[in-house]
Amino acid sequence: MSAAKPVEAVAPDDESDLIRRLRANDAAAYETLVRTHGGRMLAVANRMLNNEQDAADVLQEAFLAAFRAIGAFEANSKLGTWLHRIVVNAALMRLRTRSRRPEQSIEALLPAFAADGHAADPAVDWRETSAETAQRAETRDFILASIKKLPDNYRIVLTLRDIEGLSTEEASAALDIEPNALKVRLHRARQALRTLLDERFRAGAL
Amino acid sequence: MKDSVHMLTCKEVVDFLIDYDAGDLAPAQKQEFDRHLAMCPACVCYIQTYHQTIQLGKAACDSAKPEPIPEELVRAILAARQAGK
(Lines give C-alpha, C1' and ligand atoms only; values in the text may rest on other atoms or scores of the structure.)
Protein backbone atom coordinates (compact mmCIF):
# COMPACT_ATOMS: atom_id res chain seq x y z
CA MET A 1 0.00 0.00 0.00
CA SER A 2 1.56 3.34 -1.08
CA ALA A 3 2.08 6.06 1.49
CA ALA A 4 -0.69 8.63 1.71
CA LYS A 5 0.02 12.22 0.71
CA PRO A 6 0.33 14.55 3.70
CA VAL A 7 -3.07 15.73 4.77
CA GLU A 8 -3.46 19.47 4.90
CA ALA A 9 -6.00 20.29 7.55
CA VAL A 10 -8.53 22.94 6.63
CA ALA A 11 -8.19 25.95 8.93
CA PRO A 12 -11.44 27.04 10.58
CA ASP A 13 -11.56 30.24 8.51
CA ASP A 14 -11.21 28.23 5.33
CA GLU A 15 -14.05 25.89 6.18
CA SER A 16 -16.79 28.19 4.92
CA ASP A 17 -14.86 28.56 1.66
CA LEU A 18 -14.57 24.77 1.39
CA ILE A 19 -18.31 24.38 1.95
CA ARG A 20 -19.02 26.94 -0.74
CA ARG A 21 -16.78 25.06 -3.16
CA LEU A 22 -18.35 21.70 -2.28
CA ARG A 23 -21.79 23.08 -3.01
CA ALA A 24 -20.45 24.38 -6.34
CA ASN A 25 -19.40 20.79 -7.14
CA ASP A 26 -15.70 21.64 -7.16
CA ALA A 27 -13.84 18.31 -7.55
CA ALA A 28 -10.73 19.56 -5.75
CA ALA A 29 -12.90 20.54 -2.79
CA TYR A 30 -14.17 16.95 -2.48
CA GLU A 31 -10.61 15.69 -2.44
CA THR A 32 -9.68 18.19 0.27
CA LEU A 33 -12.65 17.04 2.35
CA VAL A 34 -11.62 13.39 2.07
CA ARG A 35 -7.97 14.06 2.86
CA THR A 36 -8.72 16.42 5.74
CA HIS A 37 -11.28 14.28 7.55
CA GLY A 38 -10.79 10.76 6.19
CA GLY A 39 -8.14 9.63 8.65
CA ARG A 40 -10.18 10.51 11.72
CA MET A 41 -13.37 9.10 10.25
CA LEU A 42 -11.59 5.84 9.39
CA ALA A 43 -10.39 5.63 13.01
CA VAL A 44 -14.01 5.96 14.21
CA ALA A 45 -15.17 3.25 11.80
CA ASN A 46 -12.32 0.96 12.87
CA ARG A 47 -13.19 1.40 16.57
CA MET A 48 -16.78 0.52 15.92
CA LEU A 49 -16.30 -2.34 13.50
CA ASN A 50 -12.93 -3.80 14.52
CA ASN A 51 -12.45 -4.91 10.89
CA GLU A 52 -10.32 -2.96 8.40
CA GLN A 53 -12.21 -3.97 5.27
CA ASP A 54 -15.60 -3.19 6.80
CA ALA A 55 -14.25 0.13 8.06
CA ALA A 56 -12.95 1.06 4.58
CA ASP A 57 -16.31 0.15 3.01
CA VAL A 58 -18.19 2.16 5.59
CA LEU A 59 -15.90 5.14 5.11
CA GLN A 60 -16.67 5.14 1.40
CA GLU A 61 -20.41 4.88 2.09
CA ALA A 62 -20.16 7.72 4.60
CA PHE A 63 -18.35 10.08 2.25
CA LEU A 64 -20.74 9.36 -0.60
CA ALA A 65 -23.65 10.08 1.75
CA ALA A 66 -21.94 13.31 2.80
CA PHE A 67 -21.36 14.37 -0.81
CA ARG A 68 -25.06 13.85 -1.56
CA ALA A 69 -26.14 15.76 1.54
CA ILE A 70 -23.73 18.71 1.43
CA GLY A 71 -26.49 20.95 0.13
CA ALA A 72 -28.42 20.36 3.36
CA PHE A 73 -25.41 20.89 5.67
CA GLU A 74 -26.10 23.73 8.06
CA ALA A 75 -22.89 25.68 8.40
CA ASN A 76 -23.61 26.57 12.02
CA SER A 77 -21.84 23.35 13.03
CA LYS A 78 -18.38 22.17 12.06
CA LEU A 79 -17.89 19.88 9.08
CA GLY A 80 -15.93 17.43 11.24
CA THR A 81 -18.82 17.06 13.69
CA TRP A 82 -21.28 16.51 10.87
CA LEU A 83 -19.06 13.96 9.16
CA HIS A 84 -18.49 12.18 12.47
CA ARG A 85 -22.21 11.63 12.83
CA ILE A 86 -22.47 10.36 9.26
CA VAL A 87 -19.71 7.78 9.71
CA VAL A 88 -21.15 6.64 13.06
CA ASN A 89 -24.52 6.09 11.40
CA ALA A 90 -22.95 4.26 8.47
CA ALA A 91 -21.03 1.99 10.86
CA LEU A 92 -24.20 1.31 12.83
CA MET A 93 -25.97 0.25 9.64
CA ARG A 94 -23.10 -2.11 8.88
CA LEU A 95 -23.29 -3.56 12.40
CA ARG A 96 -26.98 -4.29 11.88
CA THR A 97 -26.28 -6.26 8.71
CA ARG A 98 -23.70 -8.47 10.39
CA SER A 99 -25.12 -11.88 11.17
CA ARG A 100 -25.84 -12.24 14.85
CA ARG A 101 -22.92 -14.08 16.36
CA PRO A 102 -23.26 -16.03 19.59
CA GLU A 103 -22.38 -13.75 22.48
CA GLN A 104 -18.88 -14.23 23.75
CA SER A 105 -18.63 -14.62 27.49
CA ILE A 106 -17.24 -11.77 29.58
CA GLU A 107 -17.50 -13.57 32.92
CA ALA A 108 -13.77 -14.10 33.30
CA LEU A 109 -13.22 -10.34 33.24
CA LEU A 110 -15.87 -9.46 35.83
CA PRO A 111 -14.98 -8.99 39.51
CA ALA A 112 -15.30 -12.11 41.66
CA PHE A 113 -17.08 -12.22 44.99
CA ALA A 114 -17.10 -14.59 47.91
CA ALA A 115 -20.29 -16.32 49.01
CA ASP A 116 -20.90 -13.56 51.57
CA GLY A 117 -20.74 -10.88 48.89
CA HIS A 118 -17.31 -9.50 49.75
CA ALA A 119 -14.89 -8.84 46.91
CA ALA A 120 -12.55 -11.77 46.35
CA ASP A 121 -9.80 -9.34 45.35
CA PRO A 122 -10.52 -5.95 46.98
CA ALA A 123 -9.78 -2.96 44.77
CA VAL A 124 -6.74 -0.78 45.44
CA ASP A 125 -5.90 2.70 44.19
CA TRP A 126 -4.41 3.17 40.77
CA ARG A 127 -1.36 5.26 40.20
CA GLU A 128 -1.04 7.94 37.54
CA THR A 129 -4.44 7.89 35.96
CA SER A 130 -4.94 11.45 34.84
CA ALA A 131 -6.05 12.31 31.32
CA GLU A 132 -2.41 13.10 30.62
CA THR A 133 -1.57 9.49 31.43
CA ALA A 134 -3.82 8.29 28.64
CA GLN A 135 -2.07 10.55 26.18
CA ARG A 136 1.36 8.97 26.67
CA ALA A 137 1.91 6.69 23.68
CA GLU A 138 2.62 3.44 25.51
CA THR A 139 -0.22 3.92 27.99
CA ARG A 140 -2.61 4.95 25.27
CA ASP A 141 -1.73 1.93 23.15
CA PHE A 142 -2.26 -0.35 26.14
CA ILE A 143 -5.70 1.14 26.83
CA LEU A 144 -6.72 0.88 23.16
CA ALA A 145 -5.51 -2.73 23.01
CA SER A 146 -7.51 -3.50 26.16
CA ILE A 147 -10.67 -2.10 24.59
CA LYS A 148 -10.08 -4.30 21.54
CA LYS A 149 -9.82 -7.35 23.82
CA LEU A 150 -13.40 -6.97 25.00
CA PRO A 151 -15.89 -9.40 23.43
CA ASP A 152 -17.51 -7.75 20.41
CA ASN A 153 -20.98 -7.23 21.84
CA TYR A 154 -19.54 -5.46 24.87
CA ARG A 155 -16.86 -3.49 23.01
CA ILE A 156 -19.46 -2.05 20.63
CA VAL A 157 -21.68 -0.82 23.45
CA LEU A 158 -18.77 0.74 25.32
CA THR A 159 -17.56 2.40 22.11
CA LEU A 160 -20.98 3.83 21.25
CA ARG A 161 -21.76 5.12 24.75
CA ASP A 162 -18.46 6.08 26.35
CA ILE A 163 -16.30 6.90 23.31
CA GLU A 164 -18.71 8.13 20.63
CA GLY A 165 -21.10 9.70 23.15
CA LEU A 166 -24.40 8.25 21.97
CA SER A 167 -27.22 8.34 24.52
CA THR A 168 -28.71 5.12 25.90
CA GLU A 169 -31.76 5.66 23.69
CA GLU A 170 -29.68 6.24 20.54
CA ALA A 171 -27.41 3.26 21.19
CA SER A 172 -30.25 0.87 22.10
CA ALA A 173 -32.19 1.88 18.97
CA ALA A 174 -29.10 1.49 16.82
CA LEU A 175 -28.32 -1.97 18.20
CA ASP A 176 -31.96 -3.00 18.47
CA ILE A 177 -31.75 -4.01 22.12
CA GLU A 178 -33.80 -2.79 25.07
CA PRO A 179 -32.34 0.21 26.97
CA ASN A 180 -32.14 -1.85 30.16
CA ALA A 181 -30.26 -4.64 28.41
CA LEU A 182 -27.92 -2.04 26.93
CA LYS A 183 -27.29 -0.55 30.36
CA VAL A 184 -26.41 -3.95 31.82
CA ARG A 185 -24.11 -4.70 28.90
CA LEU A 186 -22.39 -1.30 29.23
CA HIS A 187 -21.82 -1.80 32.94
CA ARG A 188 -20.29 -5.23 32.35
CA ALA A 189 -18.11 -3.84 29.56
CA ARG A 190 -16.80 -1.11 31.86
CA GLN A 191 -16.13 -3.62 34.64
CA ALA A 192 -14.26 -5.85 32.20
CA LEU A 193 -12.17 -2.98 30.89
CA ARG A 194 -11.42 -1.98 34.47
CA THR A 195 -10.16 -5.50 35.16
CA LEU A 196 -7.83 -5.33 32.15
CA LEU A 197 -6.48 -1.91 33.10
CA ASP A 198 -6.18 -2.83 36.77
CA GLU A 199 -3.55 -5.44 36.00
CA ARG A 200 -1.14 -2.70 34.93
CA PHE A 201 -2.19 0.39 36.78
CA ARG A 202 -2.38 -1.42 40.10
CA ALA A 203 1.07 -2.92 39.66
CA GLY A 204 2.50 0.46 38.79
CA ALA A 205 4.11 -0.97 35.70
CA LEU A 206 3.50 2.25 33.75
CA MET B 1 -32.70 -4.50 44.85
CA LYS B 2 -35.08 -4.80 47.82
CA ASP B 3 -36.73 -1.64 49.10
CA SER B 4 -36.58 -2.70 52.74
CA VAL B 5 -33.54 -1.79 54.82
CA HIS B 6 -30.85 -4.23 53.88
CA MET B 7 -27.14 -4.21 54.50
CA LEU B 8 -25.66 -4.16 51.05
CA THR B 9 -22.85 -6.48 50.11
CA CYS B 10 -19.92 -5.39 47.98
CA LYS B 11 -21.37 -7.47 45.14
CA GLU B 12 -24.64 -5.56 45.30
CA VAL B 13 -22.80 -2.24 45.30
CA VAL B 14 -20.94 -3.22 42.14
CA ASP B 15 -24.08 -4.65 40.53
CA PHE B 16 -26.07 -1.47 41.09
CA LEU B 17 -23.30 1.05 40.53
CA ILE B 18 -24.59 2.12 37.11
CA ASP B 19 -28.02 2.81 38.60
CA TYR B 20 -26.44 4.75 41.46
CA ASP B 21 -24.44 6.87 39.01
CA ALA B 22 -27.55 7.57 36.95
CA GLY B 23 -29.54 8.62 40.02
CA ASP B 24 -31.99 5.78 39.46
CA LEU B 25 -31.96 4.30 42.96
CA ALA B 26 -34.88 4.98 45.29
CA PRO B 27 -33.93 7.24 48.23
CA ALA B 28 -33.82 4.36 50.72
CA GLN B 29 -31.64 2.32 48.37
CA LYS B 30 -29.31 5.24 47.77
CA GLN B 31 -29.02 5.70 51.51
CA GLU B 32 -27.97 2.06 51.95
CA PHE B 33 -25.53 2.43 49.11
CA ASP B 34 -23.96 5.51 50.70
CA ARG B 35 -23.90 3.78 54.08
CA HIS B 36 -21.94 0.89 52.60
CA LEU B 37 -19.45 3.27 50.94
CA ALA B 38 -18.91 5.04 54.28
CA MET B 39 -17.73 1.72 55.73
CA CYS B 40 -16.02 0.05 52.80
CA PRO B 41 -12.83 1.63 51.40
CA ALA B 42 -12.47 -1.21 48.88
CA CYS B 43 -15.80 -0.33 47.26
CA VAL B 44 -14.92 3.36 47.27
CA CYS B 45 -11.72 2.42 45.50
CA TYR B 46 -13.55 0.16 43.04
CA ILE B 47 -15.96 2.97 42.12
CA GLN B 48 -13.11 5.44 41.72
CA THR B 49 -11.21 3.11 39.41
CA TYR B 50 -14.43 2.29 37.50
CA HIS B 51 -14.90 6.00 36.78
CA GLN B 52 -11.23 6.33 35.91
CA THR B 53 -11.68 3.48 33.44
CA ILE B 54 -14.38 5.41 31.60
CA GLN B 55 -12.28 8.58 31.49
CA LEU B 56 -9.12 6.77 30.40
CA GLY B 57 -10.89 4.92 27.61
CA LYS B 58 -12.29 8.15 26.19
CA ALA B 59 -9.03 10.06 26.66
CA ALA B 60 -7.03 7.32 24.93
CA CYS B 61 -9.36 7.21 21.93
CA ASP B 62 -9.56 10.99 21.68
CA SER B 63 -5.80 11.46 21.84
CA ALA B 64 -4.89 8.69 19.41
CA LYS B 65 -3.52 10.45 16.35
CA PRO B 66 -5.31 8.92 13.38
CA GLU B 67 -3.27 7.61 10.50
CA PRO B 68 -3.75 9.52 7.26
CA ILE B 69 -6.36 7.91 5.05
CA PRO B 70 -4.64 5.43 2.68
CA GLU B 71 -4.15 6.79 -0.81
CA GLU B 72 -5.98 3.87 -2.41
CA LEU B 73 -9.02 4.64 -0.31
CA VAL B 74 -8.93 8.33 -1.26
CA ARG B 75 -8.89 7.32 -4.93
CA ALA B 76 -11.67 4.77 -4.46
CA ILE B 77 -13.92 7.32 -2.76
CA LEU B 78 -13.33 10.00 -5.39
CA ALA B 79 -13.79 7.48 -8.21
CA ALA B 80 -17.08 6.34 -6.68
CA ARG B 81 -18.21 9.95 -6.56
CA GLN B 82 -17.26 10.42 -10.20
CA ALA B 83 -19.20 7.29 -11.09
CA GLY B 84 -22.21 8.92 -9.54
CA LYS B 85 -22.75 6.33 -6.75
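For A:H84, B:H36, give me the order by solvent-accessible area with a 1.4 Å probe, most accessible first, ignoring ligands, DNA and RNA. Don't skip to the answer; put the middle values down first.
On the way: A:H84 60, B:H36 20 Å².
From most accessible down to least: A:H84, B:H36.
Give the average, rounded to an integer, of partner chain Cβ atoms located within 10 angstrom of each Cβ in B:70-83. Let's see the in-between values first.
Working: counts 10, 6, 4, 12, 8, 3, 6, 13, 7, 1, 5, 9, 2, 1.
Counting Cβ atoms of other protein chains within 10 Å of each residue's Cβ and averaging gives 6.
Relative contact order for chain A: what is it in percent, counting Cα pairs under 8 Å that are at least 6 residues apart? Numbers along the way, then the final one.
Details: 164 pairs, mean separation 40.1, N = 206.
Result for chain A is 19 percent.
To the nearest 10 degrees, how steep is helix A:79-97 against the longest Cα principal axis of chain A, on a 0 to 90 scale?
60 degrees
Can you tell me the Rg and Dmax of chain A, counting just the alpha carbons, in angstroms?
20.2, 69
Angle, helix A:12-23 long axis vs. longest principal axis of chain A, Cα atoms, 0 to 90°, nearest 10?
60 degrees
Helix-only mean residue ellipticity at 222 nm, the protein assembly as shown, DSSP H runs n ≥ 4 weighted -39,500 (n - 2.57), per residue, nearest 500. What is it?
On the way: 14 runs with 187 residues, N = 291.
Estimated from H runs of four or more residues: -20500 deg cm²/dmol.
In peptide B:15-24, what is the residue-averaged number of other protein chain Cβ atoms found within 10 Å of each Cβ? Don't jump to the answer; show the numbers that get you there.
Working: counts 6, 1, 3, 7, 2, 0, 1, 2, 0, 1.
For peptide B:15-24, the averaged partner shielding equals 2.
Using all C-alpha to C-alpha distances in region A:87-198, build P(r) with 5 Å bins and read off the rounded percent in each one.
2, 10, 18, 20, 19, 14, 10, 5, 1, 0
Can you give the mean number of other chain Cβ atoms that lie within 10 Å of the Cβ atoms in peptide A:18-31?
Working: counts 0, 0, 0, 0, 0, 0, 0, 0, 0, 3, 0, 0, 4, 5.
Going residue by residue through A:18-31 and averaging, the value is 1.
For A:L197, tell me the accessible area in Å² from a 1.4 Å probe, rounded to the nearest 10.
That residue has around 0 Å² of solvent-accessible surface.
Distances over 20 Å make up what percent of all Cα-Cα pairs in chain B? Provide the component values of the computation, followed by the final result.
Numbers: 1983 of 3570 pairs.
For chain B, the share of Cα pairs beyond 20 Å comes to 56 percent.
Angle check, please: helix A:137-149 long axis (alpha carbons) against the longest principal axis of chain A (alpha carbons), in degrees 0 to 90, nearest 10.
That works out to roughly 80 degrees.
Quick check on packing: order A:34-43, A:66-75 by the mean number of other C-beta atoms within 10 Å, highest mean leading. Let's see the in-between values first.
On the way: A:34-43: 22.6, A:66-75: 12.9.
Going from most to least packed, we get A:34-43, A:66-75.
How much accessible surface area, in Å² rounded to 10, belongs to the heavy atoms of A:T168 with a 1.4 Å probe?
Around 40 Å² of this residue is reachable by solvent.
For A:W82, A:W126, give the ranking by accessible area with the largest first, probe 1.4 Å.
Accessible-area ranking of A:W82, A:W126, largest first: A:W82, A:W126.
The values are calculated or read from the model by the stated rules, or taken from the named source; none is laboratory data. The structure displayed is predicted, hence computed values, not measured ones. Here Cβ is always computed from backbone atoms with ideal geometry, including for glycine, and neighbour counts include all displayed protein chains. In case anyone asks, the SASA skips ligands and DNA or RNA and just uses the protein heavy atoms, side chains included. Shrake-Rupley method; radii C 1.70, N 1.55, O 1.52, S 1.80 Å.
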